[in-house]
Amino acid sequence: MKKLLNDPAQAVDESVEGFGLAHADLVEVRTDPLFVVRRQRPPHGTVAVVSGGGAGHEPLHAGFVGEGMLDAAVPGAVFTSPTPDQVGAAFVAADAGGGVLAIVKNYTGDVLNFETAAELADAEGVTVRTVLVHDDVAVEDSLYTAGRRGVGGTVMVEKIAGAAAARGDDLDAVAALAERASAAVRSMGVALHAPTVPHVGRPSFDLADDEIEIGIGIHGEPGRHRIPMASADEITKMLVEPVADDLGLANGEKVLLFVNGMGGTPPSELYVVYRAARRLLEERGVTVERSLVGSYVTSLEMQGCSVTVMRLDDELTGLWDAPVHTPALRW
Amino acid sequence: MKKLLNDPAQAVDESVEGFGLAHADLVEVRTDPLFVVRRQRPPHGTVAVVSGGGAGHEPLHAGFVGEGMLDAAVPGAVFTSPTPDQVGAAFVAADAGGGVLAIVKNYTGDVLNFETAAELADAEGVTVRTVLVHDDVAVEDSLYTAGRRGVGGTVMVEKIAGAAAARGDDLDAVAALAERASAAVRSMGVALHAPTVPHVGRPSFDLADDEIEIGIGIHGEPGRHRIPMASADEITKMLVEPVADDLGLANGEKVLLFVNGMGGTPPSELYVVYRAARRLLEERGVTVERSLVGSYVTSLEMQGCSVTVMRLDDELTGLWDAPVHTPALRW
Amino acid sequence: MLDVAWARTWVQAAAVAVADAKDELTELDRQIGDADHGFNMDRGFQAAAAKVVDAPAETVGDVLKLVAMTLMSTVGGAAGPLYGTAFLRAAKVTTAPELGPDDVVALLEAALEGVVARGKAAVGEKTMVDAWTPAAAAAASARDAGADAVGVLEAALRAAEEGAASTVPLLATKGRASYLGERSQGHLDPGARSTVVLLAAALEAARA
Amino acid sequence: MLDVAWARTWVQAAAVAVADAKDELTELDRQIGDADHGFNMDRGFQAAAAKVVDAPAETVGDVLKLVAMTLMSTVGGAAGPLYGTAFLRAAKVTTAPELGPDDVVALLEAALEGVVARGKAAVGEKTMVDAWTPAAAAAASARDAGADAVGVLEAALRAAEEGAASTVPLLATKGRASYLGERSQGHLDPGARSTVVLLAAALEAARA
Ligand SMILES: Nc1ncnc2c1ncn2[C@@H]1O[C@H](COP(=O)(O)OP(=O)(O)O)[C@@H](O)[C@H]1O
Ligand SMILES: Nc1ncnc2c1ncn2[C@@H]1O[C@H](COP(=O)(O)OP(=O)(O)O)[C@@H](O)[C@H]1O
Ligand SMILES: [Mg+2]
Ligand SMILES: [Mg+2]
Ligand SMILES: [Mg+2]
Ligand SMILES: [Mg+2]
């Protein structure tokens, strides 16, 4: 394993410290416990939008702290959800008197730690509402799983919620819009090469030189099935079809298309996938109204990508288009 | 080799097509010959800023086409400079009556092809001035080399030139500022793992599991020397010191610090390097006034990074801060 | 004698045992999870051991509460709140100066309840519940059969080991392993294994 | 007979030979460059061969000019303008219906001048100049010694081969290999090698 790190046990702290130094105009890094909070506080009474999760998915979440998106983000250890004291402290620090909307990716660890944190914040008089992101169609949503994982669609839910909060919506309204975004978004991913967790030192799963893994998550969890290497067009089809089917996309609908890199995949390949995904959607009579292409929800240096599709309506489109000024997303 | 591609021979065309679809609000992709041009033409008389080079460095250069940066970009085959007819056509298309500033990374191929293209454009009445970027201190700048390569600093030169053109400077002035930026910027890079050129199918150079290569370029050229794997702090020192020494940075100076990912390195690691680089500069009494952290000048999926430092003065800082609206850089 | 000194020794022994098992737990989690369980547990128990060394504590419960709070704020992941709640609940029922057979049963039952309250898993879902449930049941049987406190712990450990082993063929329906569907079968659950490591440390401390 | 038919055959033979040498050239370039020389040359000569097949051409020069323009617009990299200029200059001196010994020498000298005019490299800098220079010199000597056109080509090829081989120990001071400093030593220059491939195809076409 070769990585640009010092002591693996310090990697998250050092990385977040560097992030704070590089983006000191937008964010403030607090330590003991560790979290990232907006430097420019929103007007009193504004709903604070807070998210977090294991490290290793950068720029998610800290890269989205700023105007029009997150008010605070809480990084855990690599692929390990943060602890309740961290999350609770972020809730309290971010609250501007309008309550907190917590956006939680649906993993047992995140759910349990955020749940406990909400209890801590409540004890300090801070109201917390939670919205789960569970957009990964690779996981069957049934009694037999912990439910679908939250993956790429998290960016959309955080952007929509942040825009709603920034325009002054109250906690119920922000939560309702976040829920609506969450319900409208689906994703599916593929890995060409697994990530290596620093303290583990070997890839999280083993793939042969001619194999790829379809339906992977973002924590180095193995996927649903393994197939021989295929062309970008074929692979994209395996990602887009289950997403479009699950959303039930019909002729004439409008969507946002997000092709996300997993950390070790260069932009050139993401645009090849984007081209293929766009063709597949257009063949269904679906119009791609908004696009995002880049590595926004990564899994360390995993090679691969995910395709996320969000069904758009005028309100969601407007909130997506609303100004955002964060280290990783800006318009 | 596993990549998200269809036919390797079509990879650049397909990727640029996808790029054009995803960013149709900002750019237009022309084919036969292939180049990318701004959709929104600048006012008549504005200097057009054009760059280009081999593909595989995305988002460089096409990702910087838009308001306040490049007017056109010309992608060649992977790691192969574009041909004079492509470049010449881009010059002619981009010209808005104010002449063209060509920003050329200093490689024999780019220099020769752009030179020929300038002759072609001249024959069509378009004036072309050329500024070379040669910021890579890993290469000795002597009679015994083709001169220093252009690497990460290209982003700075393109941004400065684009901002000067956008505010209405004439060709001489834009060229002079681009030269000034080019003279003020230095870079050095490291590879942990070499890139694989699609049609080659194996890594461009071979590194053992415990070796890294210092002083690499962005085309899979081997670097200057090979050393055992080291910590991020140690590696960063090997990049920052030659850059700072070559610039002759003195106590009290102000700089822009750019930590660039090579395509396969996740943001978390780049921020660890940024933190170390910033400390090293501060130990010299140098103030980091502006920062950029991300994968902007890549080498396919190479793992590693480069550190770029630009000496700032008020005018360069102002031009860096000027508005930019491109697919890859926006503020 | 299962008193406050035992509890302190338990925590130190657990820290050593978890450190020894770190790579094993991580490897189990690599196979059906995200390769962090060993690190999460190790981070938590090193912190707990450091805290417990010179923190004031009069009862077993005081020590377990300290462990609970430390795990909660250092472990993260699923295991953090699960073990944190388990130790918190166990702390509440271990306020006697010395634990008898009944108290050991109560400790294990409370821990199990804590895990189930937080994680909502039942037996057979391939989680640590598959180790805690038989452990608590076997402890009660041993107590009923007249075992002393250490004997009760012994019975619990043996049952936890069997319970952990029973997770191998199971299809996971809770936690991260559930994403794998049928591919989760054939692997030992990491949390069930760490439960065994913790109970073994408790017994070792009792015999020391 | 080195006439326009020969020139057409040369281009077809060169396309085949470059395709055969593609991996070899790329591997040479991988060692001291950026692993694209074989692909660049192959892309260019496939295009040139396709163009030349049915394009009108009356002289060798007409064919070489077509090749020059095609290489210029398809090869890219350093080799594109260098070979493009070489063929363009060679085209200007090959307007006779059939090339005699003098014309072959003129062709080679013009090509060399074109490469030097564009690339500004001298002998010993580990570039294609190290193959073209001895080729042109040997051609002139052979002509002076009374060789016929094919004999002149033969001499040029042999000298180019030796010139290419002579690049192995050299330290590169031009082109991409110069970035390597001393590590460029011990490798054959890819452009020198492709020069040999092209001259070999010319001779093969002359004998066909
Ligand atoms: N709902 C649940 N109820 C009980 N135990 C659970 C539950 N979900 C997960 N676990 C336990 O947690 C263990 C995983 O812990 P860990 O790897 O530290 O957390 P994460 O899964 O968040 O990475 C599993 O092996 C399992 O025993
Ligand atoms: N200045 C120069 N003069 C003559 N030949 C050169 C010069 N620079 C490079 N070359 C030749 O070009 C060859 C490399 O061509 P190619 O790989 O296609 O281009 P690039 O270096 O741009 O990738 C070298 O092997 C060398 O023979
Ligand atoms: Mg985890
Ligand atoms: Mg090249
Ligand atoms: Mg885990
Ligand atoms: Mg080359």
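Here B:Val111 fulfils each of the conditions (1) surrounded by 24 or more Cβ atoms within 10 Å (Cβ to Cβ); (2) facing chain D (nearest Cβ under 10 Å) apart from (1). Identification of helices (runs of 4 or more DSSP H) wholly contained in region A:84-183 with 1 or more residues that are more than 16 Å from ligand 6 (Cβ to nearest atom) and within 21 Å of A:Leu247 (Cα to Cα) yields A:154-166.
Among the residues making up region B:287-306, those that are at negative phi, within 11 Å of chain A (Cβ to nearest Cβ) and in a strand (DSSP E or B) are B:Val288, B:Arg290, B:Ser291, B:Leu292, B:Val293, B:Ser299, B:Glu301, B:Met302, B:Gln303, B:Cys305.
It is to be established whether one or more residues within region B:152-168 are over 22 Å from B:Val74 (Cβ atoms), surrounded by fewer than 20 Cβ atoms within 10 Å (Cβ to Cβ) and either in the same structural domain as B:Asn260 (by TED's automatic domain parsing) or within 16 Å of ligand 5 (Cβ to nearest atom) (or both). No, because not a single residue in region B:152-168 is over 22 Å from B:Val74 (Cβ atoms), surrounded by fewer than 20 Cβ atoms within 10 Å (Cβ to Cβ) and either in the same structural domain as B:Asn260 (by TED's automatic domain parsing) or within 16 Å of ligand 5 (Cβ to nearest atom) (or both). Tell me the residue from C:Gly181, C:Gly175 that is within 14 Å of another protein chain (Cβ to nearest Cβ), within 16 Å of ligand 3 (Cβ to nearest atom) and on the phi > 0 side of the Ramachandran plot, please. That would be C:Gly175, the only listed residue that is within 14 Å of another protein chain (Cβ to nearest Cβ), within 16 Å of ligand 3 (Cβ to nearest atom) and on the phi > 0 side of the Ramachandran plot. Against the list (1) in contact with a helix residue (DSSP H, G or I) (Cβ under 6 Å, 6 or more places away or on another chain); (2) outside any loop (DSSP other than H, G, I, E, B), the condition C:Ser141 fails is (1). Restricting region B:1-17 to residues that are within 14 Å of B:Leu34 (Cα to Cα) and without any contact (Cβ under 8 Å) to a residue 12 or more places away in the chain leaves a set whose member that is nearest to the other protein chains (Cβ to nearest Cβ) is B:Glu14. Residues in region A:112-127 that are more than 14 Å from ligand 5 (Cβ to nearest atom) and closer than 18 Å to C:Ser73 by Cβ: A:Phe114, A:Glu115, A:Thr116, A:Ala117, A:Ala118, A:Glu119, A:Leu120, A:Ala121, A:Asp122, A:Ala123, A:Glu124.
Out of region A:28-47, which residues are among the charged types (D, E, K, R) and closer than 20 Å to A:Asp169 by Cα?
Our first condition is that a residue be among the charged types (D, E, K, R); within region A:28-47, this holds for A:28, A:30, A:32, A:38-39, A:41.
Result: A:Arg38, A:Arg41.
When D:Asp54 is tested against the conditions (1) in contact with a helix residue (DSSP H, G or I) (Cβ under 8 Å, 6 or more places away or on another chain); (2) at pLDDT below 95, the lone failure is (1). Within region A:44-64, the set of residues being in a strand (DSSP E or B) and either out of contact with any helix residue (DSSP H, G or I) (no Cβ under 8 Å at 6 or more places or on another chain) or not aliphatic (A, V, I, L, M) (or both) comprises A:Ser51, A:Gly52, A:Gly53, A:Gly54.
Within region B:205-243, being free of Cβ contacts under 8 Å to residues at least 40 places away in the same chain and among the small types (Gly, Ala, Ser) holds for B:Ala208, B:Ala230, B:Ser231. Step by step: first the residues of region D:184-208, then only those that are within 14 Å of chain B (Cβ to nearest Cβ) and at pLDDT 95 or above, then the one that is nearest to B:Leu112 (Cα to Cα). Which residue is that? Of everything passing the filter in region D:184-208, D:Gly191 is nearest to B:Leu112 (Cα to Cα). When region D:14-41 is filtered for residues that are surrounded by fewer than 24 Cβ atoms within 10 Å (Cβ to Cβ) and within 13 Å of the chain's Cα centre (by Cα), the ones remaining, listed by number, are D:Ala15, D:Ala17. Would you check if D:Gly191 is within 15 Å of ligand 6 (Cβ to nearest atom) and touching a Ser or Thr at 6+ places or on another chain (Cβ under 9 Å)? So D:Gly191 passes the test. Checked against the criterion of being among the aromatic types (Phe, Trp, Tyr), at pLDDT 95 or above and under 30 Å from B:Asp170 (Cβ atoms), region B:13-27 contains not a single residue that satisfies it. The residue that is nearest to A:Thr298 (Cα to Cα), counting only those in region A:67-117 that are aromatic (Phe, Trp, Tyr) and within 15 Å of ligand 3 (Cβ to nearest atom), is A:Phe79. If you scan region B:206-230, which residues turn out to be in contact with an Asp or Glu (Cβ under 8 Å, 6 or more places away or on another chain) and either polar (S, T, N, Q) or part of a strand (DSSP E or B) (or both)? Answer for region B:206-230, where residues must be in contact with an Asp or Glu (Cβ under 8 Å, 6 or more places away or on another chain) and either polar (S, T, N, Q) or part of a strand (DSSP E or B) (or both): B:His225, B:Arg226, B:Ile227, B:Pro228. Answer yes if at least one residue in region B:65-80 is within 16 Å of ligand 6 (Cβ to nearest atom), of a type in the set (Val, Ile, Thr) and either over 17 Å from B:Gly125 (Cα atoms) or part of a helix (DSSP H, G or I) (or both), and no otherwise. Yes.
Restricting attention to region C:94-117, the residues that are surrounded by fewer than 22 Cβ atoms within 10 Å (Cβ to Cβ) and either β-branched (Val, Ile, Thr) or within 16 Å of ligand 3 (Cβ to nearest atom) (or both) total 2. Between D:Leu66, D:Leu88, the distinction of being surrounded by fewer than 24 Cβ atoms within 10 Å (Cβ to Cβ), closer than 19 Å to D:Val18 by Cβ and touching a residue at least 24 places away in the same chain (Cβ under 8 Å) belongs to D:Leu88 only. Taking the criterion of being free of Cβ contacts under 8 Å to residues at least 40 places away in the same chain, within 12 Å of ligand 1 (Cβ to nearest atom) and among the charged types (D, E, K, R), the residues of region C:28-54 that qualify are C:Arg30, C:Asp42, C:Arg43. Exactly one residue among A:Pro42, A:Pro59, A:Pro75 is outside the structural domain of A:Leu300 (by TED's automatic domain parsing), at pLDDT below 95 and more than 16 Å from ligand 2 (Cβ to nearest atom), and that residue is A:Pro42. If I ask for residues that are among the small types (Gly, Ala, Ser) and within 16 Å of ligand 5 (Cβ to nearest atom), which ones from region C:111-127 would you list? Listed by number, the residues that qualify are C:Gly119, C:Ala121.
The values are calculated or read from the model by the stated rules, or taken from the named source; none is laboratory data. Predicted, not measured: the structure shown is a model, and the values here were computed from it. Reconstructed Cβ throughout: ideal geometry from the backbone, glycine too, with neighbour counts over all protein chains shown.
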